[in-house]
1. Would the range A:61-84 turn up any residue that is free of Cβ contacts under 8 Å to residues at least 60 places away in the same chain, under 17 Å from A:Phe14 (Cα atoms) and touching a strand residue (DSSP E or B) at 6+ places or on another chain (Cβ under 8 Å)?
2. Out of the range A:13-44, which residues are crowded, with 16+ Cβ neighbours inside 10 Å and farther than 16 Å from A:Trp130 by Cα?
3. Within the range B:5-40, track down each residue that is part of a helix (DSSP H, G or I) and within 13 Å of chain A (Cβ to nearest Cβ).
4. Just to check your reading of the model, which residue among A:Asn77, A:Asn97, A:Asn71 is polar (S, T, N, Q), in a strand (DSSP E or B) and more than 14 Å from A:Leu141 (Cβ to Cβ)?
5. For the range B:81-100, which residues satisfy the criterion of being under 26 Å from A:Ile345 (Cα atoms) and within 13 Å of chain A (Cβ to nearest Cβ)?
6. Anything in the range B:47-58 that is more than 9 Å from every other protein chain (Cβ to nearest Cβ) and buried (at least 18 other Cβ atoms within 10 Å of the Cβ)? List them, or say none.
7. Just checking, does the range A:316-327 include any residue being of a type in the set (Val, Ile, Thr), at the interface with another protein chain (Cβ under 10 Å from one of its Cβ atoms) and either surrounded by fewer than 24 Cβ atoms within 10 Å (Cβ to Cβ) or part of a helix (DSSP H, G or I) (or both)?
8. Looking only at the range A:229-247, which residues are surrounded by 15 or more Cβ atoms within 10 Å (Cβ to Cβ) and either free of Cβ contacts under 8 Å to residues at least 24 places away in the same chain or part of a helix (DSSP H, G or I) (or both)?
Amino acid sequence: MSERSIGPVTARRFVCAEPITLAAGVTLPTWELAYETYGTLNAARSNAVLICHALSGHHHVAGYYADDPKNIGWWDNLIGPGKPLDTNRFFVVGVNNLGGCHGSTGPSSLNPATGEPWGADFPVVTVSDWVRAQAKLADALGIESWAAVVGGSLGGMQALQWAIDLPERVRHALVIAAAPWLTAENIAFNDVARQAIITDPEFHGGNFYRYNARPTRGLRLARMLGHITYLSDDQMAEKFGRKRRPSAGSYGFGVEFEIESYLRYQGDKFAGWFDANTYLLMTKALDYFDPAEAHGGDLAAALAGARAKFLVVAFTTDWRFSPARSREIVNALVKNKHAVSYSEITSPHGHDAFLMDDHYYHAVLAAYLRNAEI
Amino acid sequence: MTHALKRPDFAVIAGWMKPGESVLDLGCGAGELLQLLAARGLRGWGIERDPGHVLAAIENGVNVIQSNLEAGLAGFEDNAFDHVVLSRTLQTVRHTQQILAEMLRVGHEAVISFPNFAYWKNRMAVLNGRMPVSEDLPYQWYDTPNVRFFTMLDFEGLCNAMGIVIRDRQVLDERGNTVTEEHNFLGSLAVYRIGRDD
């Protein structure tokens, strides 16, 4: 993997002095986005690809930091020289979204009105808000239109929203492991996660920074729940089954089954670095995402003005956003006679499959991107 | 390996379509027909189940939707396409009547090509006591994907029973040459353009 790594990368800051008014009605007078770029923008500025992150992602998509070589980008298996998203050909931009906790303006940033962290006062952000903010970054980088906007899960929703909101600025949209809107079951999972955070006494109504506290218990539970929904039953059965820890006691409530150990480890790891308010915002952005809503629930009508060509990808064991949900997107695109290909990839890895280094999956992305004109 | 030589039915199919029209190709394989039609100014989408073919179709730059035929058609609106093509595949489909009805629901008309079981060489093979193996029926009986064996007369009888109108018919021999007489005897591959009775 490392021999085709983009190598050491540098995180950058885009500071925007132009106010942005969010869907929630709040205006951020100045705001900033953390981003990274890989490869070289060509003279025609036509080879730029935007990577949109999912719930817990950020702008560090590929490569590593010189002073922290183990901190490898979250989609490094896809992006680099000679990789499916080939940085010898494309100029790739990773960005941390508004409301994030990796350097972009978010709940842990200082509210200029109070001089304190925004905390609970940070406005709810929507996928359309993110698209508008990302477009400002594109402006600053001199990118009139993206050769491709690419994302998985919530990132795929951003790719779809780009094609709807700014059709003339997206030539290809790669919508991976996404859905056109969340089902009641999806929203239910998100709300249990949010309730775990909000009811943690250390949450302090979202203003925990003030108390030098962190709602790690709630965040840990939220992540454990989320993590279950990102895996598949098959994969869990194979990986953990009913296996128990060698040291496990019995007839108690300690860590006994391997799956318990795994989830607690994942929860602890996540709660150690992620911001609880950002988690709330990201899940809410998912819940609100529904581009068809403004068109009476007609997704095809929402996509009527799209100009991009589409690649929609789903994974067989993804039950969080199942292949049937991707087919809704495909059918709406076909109804509009838009160019679209759909790949339903056999994978045991559930929703998380979109992040995996799967040979066939990457071959599909590589083949599609090779034909993307720049 | 030119398309014309390998798939003589493609030229027939393309000849029935006009630039600007839309086409859905069921079982599109690597998308060869769709490439040919795109070059002639049509807009096309393919349905394909096999992952290897889907990847090849994406490599070939055509629109391909990975699905089985039944599920693939169910999501489309009535009259969504000008043409729906099923080339050399009808004999592999178990639910023959349903697929024909679905094709004529989502398309204004349908184009179907299939190997004619009544081709004289096939008849000879059976007379000689063996199942036929030929250019257009290239499988052994034990590994064939074909589940329905039928002749041009059989197909035309079914169309008649279903109220389907045959608008055009081209019959080819094993070399891809047009057959002009004794079609059900001299024809190895039949290509039909069909529509609803309206």
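The values are calculated or read from the model by the stated rules, or taken from the named source; none is laboratory data. From a predicted model like this one, the values you see are computed outputs, not experimental measurements. Here the Cβ is made from the backbone with ideal geometry for all residues, glycine too, and neighbour counts use every protein chain on show.
1. Within the range A:61-84, one or more residues are free of Cβ contacts under 8 Å to residues at least 60 places away in the same chain, under 17 Å from A:Phe14 (Cα atoms) and touching a strand residue (DSSP E or B) at 6+ places or on another chain (Cβ under 8 Å).
2. Selection gives A:Glu36, A:Thr37, A:Tyr38, A:Gly39, A:Leu41.
3. Listed by number, the residues that qualify are B:Leu34, B:Gln35, B:Ala38.
4. On inspection, the qualifying residue turns out to be A:Asn71.
5. B:Val84
6. Within the range B:47-58, B:Ile47, B:Glu48, B:His53 meet the criteria.
7. no
8. A:Thr229, A:Tyr230, A:Gln235, A:Met236, A:Phe240, A:Arg244
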